[in-house]
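Working notes, beginning with the structure itself.
The values are calculated or read from the model by the stated rules, or taken from the named source; none is laboratory data. Owing to the predicted nature of the structure, the values given are computational and were not obtained by experimental measurement. In this analysis, Cβ positions are derived from the backbone assuming ideal geometry, glycine residues included, and neighbour counts consider all displayed protein chains.
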Amino acid sequence: MSEILDALNWRYAVKKFNADKKVSKEDIETILSAVRLAPSSYGIQPLKILVVENPELRNELRSFAYDQSQISDASCLLVLCAYNEITESIIEGMIQFTAAANGQDISELSEFQKHLMTAILPMEKMEMKKWNDHQVYISLGHLLQTCAHLRIDSIPMEGFKSEEFDRILGLTEKNLHSVVLCPIGYRSEEDARQHSNKARRSLEDLVEFIS
């Protein structure tokens, strides 16, 4: 337990990255695999993670993220995206990989597939978008905790113009929209923020036990 808390106390919202220090491909794969294992409603995972490494592209995106240096100075920029809508074909694909993962025939999941069709497809457009966005934030939690465990710095960022990111990255035609950014890398020694004490509400104030 102390190892988990030590890692979470170590992490902070990085203000300045060391642009010369890069995250290894192995660690990036571990982080992305942790996101893949995050829970989602019905296990449908209505999201996609873009790993943006290209310096020129990140500089272009930075101009639509209020010129925040983390966008371009981090080792790489993760753009967490959600589906605009969940279609019948997406549900069918999910049923196929669920059956394959468990050695089942697709016919064994027919009732589950019918339930998904009934529960998800009739959603209003904005309701579905909000629901999909929520799944992204669940995955973000896994991402941040994994980075902390690996002693890789990260910062979740909502301060960006999503519609411009969507345009530059060609997301709309892929049935996607950007939800939250998460640059990852290593903190700069010049970032004074790392020496600040972590300020959080007390457990007594935050938690209520009901028995």
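Quick notes on this structure:
- Qualifying residue in region 56-79 (condition: of a type in the set (A, V, I, L, M, F, W, C) and within 16 Å of Lys174 (Cα to Cα)): yes
- Selection of region 125-163 for residues being over 30 Å from Glu3 (Cβ atoms), among the acidic types (Asp, Glu) and either touching a residue at least 24 places away in the same chain (Cβ under 8 Å) or in a loop (DSSP other than H, G, I, E, B) (or both) yields only Asp133.
A quick yes/no check of all residues on (1) more than 30 Å from Ile31 (Cα to Cα); (2) at pLDDT below 95:
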residue	(1), (2)
Thr98	no, yes
Asn102	no, yes
Ser107	yes, yes
Glu127	no, no
Trp131	no, no
Gln135	no, no
Ser139	no, no
Thr146	no, no
Arg151	no, no
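- Residues of region 167-211 satisfying the condition of being of a type in the set (Lys, Arg), farther than 23 Å from Leu143 by Cβ and modelled with pLDDT of 95 or more: Arg167
- Checking Ser196 against (1) loosely packed, with under 13 Cβ neighbours inside 10 Å; (2) among the hydroxyl-bearing types (Ser, Thr, Tyr); (3) closer than 17 Å to Leu78 by Cα, the condition it does not meet: (3)
- So Glu190, is it of a type outside the set (A, V, I, L, M), surrounded by fewer than 17 Cβ atoms within 10 Å (Cβ to Cβ), over 12 Å from the mean Cα position of the chain (by Cα) and assigned to a loop (DSSP other than H, G, I, E, B): yes
- Odd one out for Val179, checked against (1) touching a residue at least 12 places away in the same chain (Cβ under 8 Å); (2) surrounded by fewer than 17 Cβ atoms within 10 Å (Cβ to Cβ): (2)
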